[in-house]
Amino acid sequence: GAVVSQHPSRVICKSGTSVKIECRSLDFQATTMFWYRQFPKQSLMLMATSNEGSKATYEQGVEKDKFLINHASLTLSTLTVTSAHPEDSSFYICSASRQGHDGYTFGSGTRLTVV
Amino acid sequence: EDQVTQSPEALRLQEGESSSLNCSYTVSGLRGLFWYRQDPGKGPEFLFTLYSAGEEKEKERLKATLTKKESFLHITAPKPEDSATYLCAVQAAGGYNKLIFGAGTRLAVHP
């Protein structure tokens, strides 16, 4: 079945630094990928929709200059958290849809801790 | 505004004790309703997609049903390995393929 690989699974960074999270579709081409954030015991909140070769579409309230999204190829989207602060600590998850397949496939998530 | 509400927030069952999880939704034109299972510290795992009222889908001990206002995830004779958070999400017509998630139901099945 469709596999989405997300890396790293865990990262700890110092306040003020930037962190990049990668999301790869391993066995299919994903023209659209989605980035979510999940706080403990809460649901997934969509941050942005990433389209290959074009600018990402951000949800209301999400700072596009802080959460940089790049979708340079049909198999790779990246989320960079710039100038990270402790309140950015969260679980970040990507997902992708595959034409002709039911549902959306999610990555395994990245636990970001900013100290 | 498109909205998804799941109940209960948490559910504790004994092994073999069947039950149902509820997902109520308000959406401007439903394209699809999705059920996912999420284990702690992992991404959601796809279970079902339902597209129209009256539709039902089954997988092992799970059965999902859909009406015009809500969906149920029925769990028959659950086992401890069914313990997880179950998430419901909707995709609205004109929503550019994005999913709107409910807060989930945390299910614990005890032997």
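Test B:SER18 against the criterion of being open to solvent by less than 50 Å² (accessible area, probe 1.4 Å) and more than 17 Å from A:MET45 (Cα to Cα), and give yes or no.
It is false that B:SER18 is open to solvent by less than 50 Å² (accessible area, probe 1.4 Å) and more than 17 Å from A:MET45 (Cα to Cα).
Can you pull out the residues in the stretch A:54-91 that are within 17 Å of A:PHE39 (Cα to Cα) and at the interface with chain B (Cβ under 10 Å from one of its Cβ atoms)?
Across the stretch A:54-91, the qualifying residues are A:GLU59, A:PHE91.
Only residues that are within 15 Å of B:GLN38 (Cα to Cα) and of a type outside the set (A, V, I, L, M, F, W, C): list them for the stretch B:58-94, please.
B:PRO80, B:GLU81, B:ASP82, B:SER83, B:THR85, B:TYR86
Among the residues of the stretch A:43-52, are any more than 12 Å from chain B (Cβ to nearest Cβ), in contact (Cβ under 8 Å) with a residue 12 or more places away in the chain and either more than 30 Å from B:SER7 (Cβ to Cβ) or not hydroxyl-bearing (Ser, Thr, Tyr) (or both)?
yes
Could you go through the stretch A:64-83 and let me know if any residue there is of a type outside the set (Asp, Glu), within 30 Å of B:ALA10 (Cα to Cα) and touching a strand residue (DSSP E or B) at 6+ places or on another chain (Cβ under 7 Å).
Scanning the stretch A:64-83 turns up no residue that is of a type outside the set (Asp, Glu), within 30 Å of B:ALA10 (Cα to Cα) and touching a strand residue (DSSP E or B) at 6+ places or on another chain (Cβ under 7 Å).
If I filter the stretch B:33-54 for residues that are among the small types (Gly, Ala, Ser) and farther than 30 Å from A:THR57 by Cα, do I get at least one hit?
Scanning the stretch B:33-54, I find at least one residue that is among the small types (Gly, Ala, Ser) and farther than 30 Å from A:THR57 by Cα, so the answer is yes.
Being over 10 Å from the mean Cα position of the chain (by Cα) and within 19 Å of B:ALA103 (Cα to Cα) is true for just one of A:GLU63, A:GLU87, A:GLU59, A:GLU52. Which residue is that?
A:GLU59
The values are calculated or read from the model by the stated rules, or taken from the named source; none is laboratory data. Being a predicted model, the structure only gives us computed values, none of them experimental. All Cβ positions, glycine included, derive from the backbone under ideal geometry; neighbour counts span all protein chains shown. For the accessible areas, the whole protein counts, side chains as well, though only heavy atoms, and no ligand, DNA or RNA atoms are used. Shrake-Rupley method; radii C 1.70, N 1.55, O 1.52, S 1.80 Å.
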